[in-house]
1. What are the semi-axes of the equivalent ellipsoid for the chain, taken as the square roots of 5 times the Cα gyration tensor eigenvalues, largest first, in whole Å?
2. Can you give me the orientation-averaged projected area of the convex hull built on the Cα atoms of the stretch 115-250, in nm²?
3. Along the Cα→Cβ direction, 7 angstrom out, place labels at Asp215 and Asp101. What is the inter-label distance in nm?
4. My understanding is that a pair violates if its Cα-Cα distance is over 28 Å; which of Lys133/Lys422; Lys200/Lys379; Lys41/Lys142 do that in this structure?
5. If I stretch the segment between Leu16 and Gln353 completely, what's the gain in nm (0.36 nm per residue apart, minus their alpha carbon distance), one decimal?
6. Which of the trypsin sites (Lys or Arg not before Pro) found in the stretch 210-300 are in a DSSP loop and have at most 16 neighbouring Cβ atoms, other than their own, within 10 Å?
7. Just the number please: accessible area per residue for the stretch 334-389, 1.4 Å probe, all protein chains included, in Å².
8. Among Ser67, Leu292, Ala275, which residue has its Cα furthest toward the positive end of the charge dipole of the chain, with +1 on Lys/Arg Cβ and -1 on Asp/Glu Cβ?
Amino acid sequence: MYEKTQAQLLKDKLFLSRKNGRLISDDAVLSAADEFCEGYKAYLDNAKTEREAVKAAIEIAEKAGFSEYVQGKEYKAGDRYYINNRGKALALVNVGIESADKGTRITAAHIDSPRLDLKPNPLYEELELALFKTHYYGGIRKYQWPTVPLALHGVFAKTDGSVVEVNIGEDEGDPCFVVNDLLPHLATEQAKRVLAEAIKGEELNILVGSHPFKDDDISERVKLNVLKILNEKYGITEADFLSAELECVPAVKACDIGFDRSMIGAYGQDDRVCAYPALMAAVDTKMPTKSLITILADKEEIGSDGNTGLNSAFLKYVVYDLATMQGVDCTVALRASKCLSADVNAATDPTFQDVMERRNAAFLNYGVVITKYTGSHGKSSTNDASAEYVGEIRAMLDNAGIVWQTGELGRVDLGGGGTVAKYVANLGVDVVDLGVPVLSMHAPFETTAKFDVFMAYKTMSEFAK
Ligand code: MN
Ligand code: MN
């Protein structure tokens, strides 16, 4: 060992230093991360839509002793319950030792992801092929979605009140669906389009059949045959599409990425990569000091509106019910509460470094990312977390030995984004964005690093204590 110079010692003391988490962590941590991510990958495959994410979360939670909330029931410290908001959003509550006037701990992640939704009247036939019209959901880059095998998930709500679940394209041997694209030989004109319009919204049509119903006199025989299959399988007619929520998502399973298996590739990691660690932190927290509220929200990708999104009163009434049960004023409870808005940030891509400002960008394997503010063009439309609260979270992370970094969503004035943070902040709660860095965010196949996923779990577990 060489002796460090005076300057080196001073630099060590004064400079902000960030190191690759895999480099500074021992093998026990890295293998714990690998193990944690096996559960995460299974959750990804079982939870490709918000409905499935709620269902899979409830299954895990019930095994861990959570039961459905009963209005008016007295819950005491250590009790755990969940509130299922229309099968599309979920609140899990671990009742703490202190009553809610001392504040709660809220972890809020979202479980909806960008995808192709079917239009209300989707099915048509053209050139003896049957197709679905779609309306994309969330911020997709439309050109990324053609020629990817797609699965169909969702529900038909029939007029007799029954709801039929659909899930085709995930199991071995299932058929898939696809949006087609031009061959390069005939794409000369299309190639001149700007990238944002390389594939237009009305070109995201999904191929679903080509076999005609055998009859000489009738028109739209391929469409008829598709409806016949759907009628036999689900008991639906064309009108039932009007009251359906059908979502086309990539029919690919989560897998390890890299020779070293250090990363994960999958659809919908924004934001299940935070939702799953939040869920597991709730499951693994036995007796929290303050009540822990874990929110798995819907609708974030389209602005959090709607009664399953966090711009609704859903979270407020979860706190209200808890506070009322404890004889505490809800406003007092909210004012004293603290929240991690658990959402992803962009990881710096070696191929596209110029969209980032390096000193304030996030990197794979550098741990969980604190994002003080999101928004765009002069911090417009963001929760800009207070110095005091960021300081508190910083101290929590350092004291727990959690590897973390900070990140801004790209260069100033280049783009921007938002999370649920501002809606939680509107309730008077202290909140900061914190989550996992992602490559190819919002693409049909996103990449994260296992180490960062595990650091997210460690952070949420620490926050829950
Ligand atoms: Mn997100
Ligand atoms: Mn997103």
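The values are calculated or read from the model by the stated rules, or taken from the named source; none is laboratory data. On a predicted model such as this, the values are computed, not experimentally measured, just so you know. Virtual Cβ from ideal backbone geometry, glycine too; neighbours counted across all protein chains shown. Keep in mind that these areas ignore ligands, DNA and RNA; they rest on the heavy atoms of the full protein, side chains included. Shrake-Rupley method; radii C 1.70, N 1.55, O 1.52, S 1.80 Å.
1. Semi-axes (√(5λ), whole Å): 40, 29, 19.
2. Its average projected convex-hull area is 9.7 nm².
3. Reported label-point gap for Asp215 and Asp101 is 7.2 nm.
4. Going by Cα-Cα distance, Lys133/Lys422; Lys200/Lys379 fall outside the 28 Å limit.
5. Extending this stretch completely gives an extra 119.2 nm.
6. Loop-located and lightly packed - Lys214, Lys253, Arg261, Lys286.
7. 47 Å²
8. Leu292
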